[in-house]
Amino acid sequence: MPELSHLGERMKAKLILLPSLFSVSGCCSVMKCNMSASLAPKKHLHFADLRDVVFVIQSQRNSFHVRQAEKLRKDLLLQTQALQEYKMSLKLLIMQNVFFSFSLSSQFGKNSSWIMFLEEDTRVKLEKLHEVLKTFDRRKEWFLGKPLHDEESTIIHHYAFSENPAAFQYPDFSAGWALSIPLVNRLTSKIEEEPLKSDFTIDLKHEVALYIWEDGKGPRLKGVPELCTIPEHNPRAQYCATTVSSQSPLCGQPVKSDNIFIAVKTCKKFHSDRVPVVKKTWGKQASLLEYYSDYADPSIPTINLGVPNTERGHCGKTFAILRRFLSSHVPNTDWLLIVDDDTLISLPRLQALLSCYDFSEPVCLGERYGYGLGQGGYSYITGGGGMVFSREAVVQLLASGCKCYSNDAPDDMVLGMCLNALRVPVTHSPLFHQARPEDYAKEFLAHQTPISFHKHWNIDPIAVFNKWLKNDKHTEGLEKSTKDEL
């Protein structure tokens, strides 16, 4: 938690840090740094000024993400130093579930009008944001953001709105999104009266929009053109209240390819169609890669770990891979990547991303899903997009006695339960994808440099790899981005 002794700046906004969206507990700590509470008279009776905005920085428990959130917090503080009209109190709150933020109305409802949610990579122009928010009557229910929509019904949204997927819009979190306090008050009451019922949390931004819309009882997302996802240095950003800081993180030299051990899960029936795709695409980028199957085929080669193939789950196979990773049978590396045989991935981009993480920490990284989060459940890294583990994470997992209850148990969910019991954070990266490119909104992918996709269903996987994941001078672009942004 950052030291608060230096936070005596004049403030015109309240700042809140949320280290995790998916952790299952509620508020883990509250810290307050009280400044002068005197307020100048408000100039607008029904329209917001920046004193009315509670800023929520959506972050995670991993040290890299703590630093990123702190960078954004400092940027907001620097902007407020130039805004000397009011003195405010600064409140820093750590929460561990985005839906708990709706209960902020009890703390801020009387002297605030908006809750503005920001991701770590969101950049804000406070004065421009003020111009945008003051055009909305704060007495009404508003749900503001940059709208996304599906081109076709998709599995990641449970095939919702299958007759007309484009009819429903949901916010791109990277651009920031805002709720008016009247809406937050109603949502707080709704959660108290009707706890969340969804078993699986797959795409939080879509599920938040559905929850707010409430089958037409609540407001739809109101698109705000000034909430943008273009890079902050783009000339068009002059018209934006929010932008994004960079498209792909790089925090130093990329992790060397021979420091990542890669395990590909396969089985005999896919040796002739899926494995050749790996070999023709991203497999060429790997230094240390083994294929694990129910059948030892020397022509590939594959390794039989003694675990029979299962139609689903593959927990027994995954835990055999974890044990092998710590054995003398494979080279000693800091990182382990476990993928399916129909995962498509860019290893150079993964190497760049891992430069931001400390291998001495227990790191579990990928696309994060949730199970039963409204009823005290847990988060997990979904396996199809790729699961990345630091050596320390594997050591702690196996030392804990965590194991499968059956060979065909869902491996990613079992690992999530074990990590939750160990209090090891599950770290989300939106650059990993459990589904195919067409299963995601085009505008969402437009500001990404994706690391992975999953599934060969109804696509040409080699063409998808070449379009989305092939690294044409990608590292050069990342190095330039690093100099500009990190």
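The values are calculated or read from the model by the stated rules, or taken from the named source; none is laboratory data. Bear in mind the structure is a predicted one, so any value in this text is a computation, not a measurement. When we count neighbours, we look across all protein chains shown, and the Cβ atoms used for this are built from the backbone with ideal geometry, even at glycine. For the accessible areas, the whole protein counts, side chains as well, though only heavy atoms, and no ligand, DNA or RNA atoms are used. Shrake-Rupley method; radii C 1.70, N 1.55, O 1.52, S 1.80 Å.
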Accessible area of the stretch 313-448 with a 1.4 Å probe: how many percent of it is carbon plus sulfur? 50 percent
Cβ crowding within 10 Å averaged over residues, with 325-336, 164-175 ranked highest first: 164-175, 325-336
From phi via Karplus (6.51, -1.76, 1.60), per-residue ³J(HN,Hα) for the stretch 429-444 in Hz, x at Gly/Pro: 10, x, 7, 8, 9, 6, 10, 8, x, 5, 7, 10, 4, 4, 5, 5
Stokes-Einstein translational diffusion, the stretch 283-383 - Kirkwood Rh over all Cα pairs, 0.692 mPa s, 37 °C, in µm²/s: 207 µm²/s
For the peptides 110-120, 50-60, what is the packing order when you average, over each peptide's residues, the other Cβ atoms within 10 Å and list the highest mean first? 50-60, 110-120
Each residue of the stretch 163-179 in order: what ³J(HN,Hα) in whole Hz does its phi give by Karplus 6.51 cos²θ - 1.76 cosθ + 1.60, θ = phi - 60°, with x for Gly and Pro? 6, 8, x, 6, 6, 10, 10, 9, x, 7, 4, 4, 7, x, 8, 9, 10
Any residue on another chain or 5+ positions along whose placed amide H is under 5 Å from the amide H of Val54 is listed here as Ser113, Trp114, Ile115, Met116
When averaged across all projection directions, what area in nm² does the alpha-carbon convex hull of the stretch 53-244 cover? 12.0 nm²
Estimated FRET transfer efficiency when R0 is 45 angstrom, pair Trp457-Gln107 (beta carbons, to 0.05): 0.45
Can you return the aspartates and glutamates within cross-link range of Lys222? Criterion is Cα-Cα under 14 Å, with same-chain partners fewer than 8 residues away left out. Asp137, Glu141, Asp172
Hey, rough spin-label estimate for Glu438 and Glu163, points 7 angstrom out along Cα→Cβ, what's it come to in nanometres? 2.3 nm
Principal axis box of the stretch 215-320, alpha-carbon based, largest edge first, Å: 59, 46, 25
Given a Förster distance of 25 angstrom, what is the FRET efficiency for Ala82 paired with His233, based on the Cβ-Cβ distance and rounded to 0.05? 0.80
